[in-house]
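Quick notes on the structure that follows.
The values are calculated or read from the model by the stated rules, or taken from the named source; none is laboratory data. No experiment lies behind these values; they were computed from the predicted model shown. Glycine gets a Cβ as well: all are built from the backbone with ideal geometry, and neighbour counts include every protein chain shown. All accessible areas refer to the heavy atoms of the entire protein, side chains included, with ligands and DNA or RNA removed. Shrake-Rupley method; radii C 1.70, N 1.55, O 1.52, S 1.80 Å.
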Amino acid sequence: MDRMQLLQTLTGHEGRVWSASWHPSGNLFASCGQDKTIKVWAKTENYRWVAQKVLTKGHSRTIRDVAWSYCGHYLASASFDTTVAVWDQKSGEFECNATLEGHDNEVKSVTWSRSGNLLATCSRDKSVWIWEVHNAPDQEDEYECVAVLNGHTQDVKKVCWHPQEDLLASASYDNTIRMYRQDMVDNEWEMLEPMESHTSTVWSIAFDASGKRLASCSEDKTVKIWQQYGPDNTLGIPCPEKGSVWKCVCTLAGFHTRAVYDIDWCKQTGLLATACGDDMARIFRETPNSDPNEPTFELVVMFAAHSQDVNKVAWHPVTPGVLLTAGDDATIKIWQYQEEN
């Protein structure tokens, strides 16, 4: 079996570390947690990660998620205080230059579109919000809410943009995944049919590099792989008038002993990483000669990542095989995946 080499353990947060996000350059990452702070970590010359900045003025309660924009100029944070903060370095220092208000309850996740023009948020209030970004080089940027989407019937845990298109996915306590896209005729955001297969809370979702597959993980201890089929698909799968349909093509069951809280799909290697409530992280790989319409995946490494629940897994955006994990034990760890020769 392959293995994971621990490169560094990072401490400094007090209480749970809920999330972390790599800067697109791979030279920085941000982390957040129960202590209401965001830490921005930078790599030193000897390849050690150190906390370069601590951002303390954005939120009054637990910070649940952080996300860098694809351009790398903006960092967004989502908090239990019902707000989203947007940080930038226009002044040379990290400053919170926008606070987005409107959710009625804890904000669980935030994500930037590839184009950078859109920001999505989701909340315990069961809604998904889409914000349009109006950048202003010499003045404060403006964020306009252009859609409030109420497709879910329970707490929405995660939002995730497609890697190339303005297509948004969300995962919820109601056991479903939803997709949203803008109608090109009237510019209204529309909800596609719910994706139903999990039997409990869907905690997280991640697209692969192509955007034609989505991985989901759940309280039901499974991981599911969803495939997009367009009107021209050779299997004869019926599609709605306006485009494609998503089908569950693989279920990974029997590998996790507790809830699976996070999942990330490495854009370089295609490896899938999962974060689990059994304190373990796992790496899966699609098996050679796997049928694209009925893919199979194998577990290639399972490792004790933290001493308590693992909340986050995030592959490095540039260096293949480098993985970040974060957990309830107040630590962040950086790992290197090593394939068995």
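The single condition among (1) in contact (Cβ under 8 Å) with a residue 24 or more places away in the chain; (2) assigned to a loop (DSSP other than H, G, I, E, B); (3) out of contact with any His (no Cβ under 7 Å at 6 or more places or on another chain) that G236 does not meet is (1).
Evaluate the stretch 55-69: report whether one residue or more is among the β-branched types (V, I, T) and modelled with pLDDT under 95. Yes, the stretch 55-69 contains a residue that is among the β-branched types (V, I, T) and modelled with pLDDT under 95.
When G321, G327 are checked against the criterion of being buried (at least 20 other Cβ atoms within 10 Å of the Cβ) and small (G, A, S), G327 stands alone in meeting it.
Taking the numbered list (1) touching a strand residue (DSSP E or B) at 6+ places or on another chain (Cβ under 6 Å); (2) surrounded by fewer than 17 Cβ atoms within 10 Å (Cβ to Cβ); (3) not hydroxyl-bearing (S, T, Y) in turn, V260 passes all entries but (2).
V313 meets each of the listed conditions (1) of a type in the set (V, I, T); (2) under 20 Å from Q268 (Cβ atoms); (3) open to solvent by 60 Å² or more (accessible area, probe 1.4 Å) apart from (3). Could you say whether any residue in the stretch 3-21 is among the hydroxyl-bearing types (S, T, Y), under 23 Å from R124 (Cβ atoms) and open to solvent by less than 70 Å² (accessible area, probe 1.4 Å)? Yes, the conditions are met somewhere in the stretch 3-21.
Test N187 against the criterion of being at pLDDT below 95 and open to solvent by 40 Å² or more (accessible area, probe 1.4 Å), and give yes or no. So N187 fits the description; yes. The residue that is farthest from T121 (Cα to Cα), among those in the stretch 190-207 that are in contact with an Asp or Glu (Cβ under 6 Å, 6 or more places away or on another chain) and open to solvent by less than 20 Å² (accessible area, probe 1.4 Å), is H198.
Within the stretch 213-261, being among the aromatic types (F, W, Y) and either under 20 Å from the mean Cα position of the chain (by Cα) or modelled with pLDDT under 95 (or both) holds for W226, Y229, W246, Y261.
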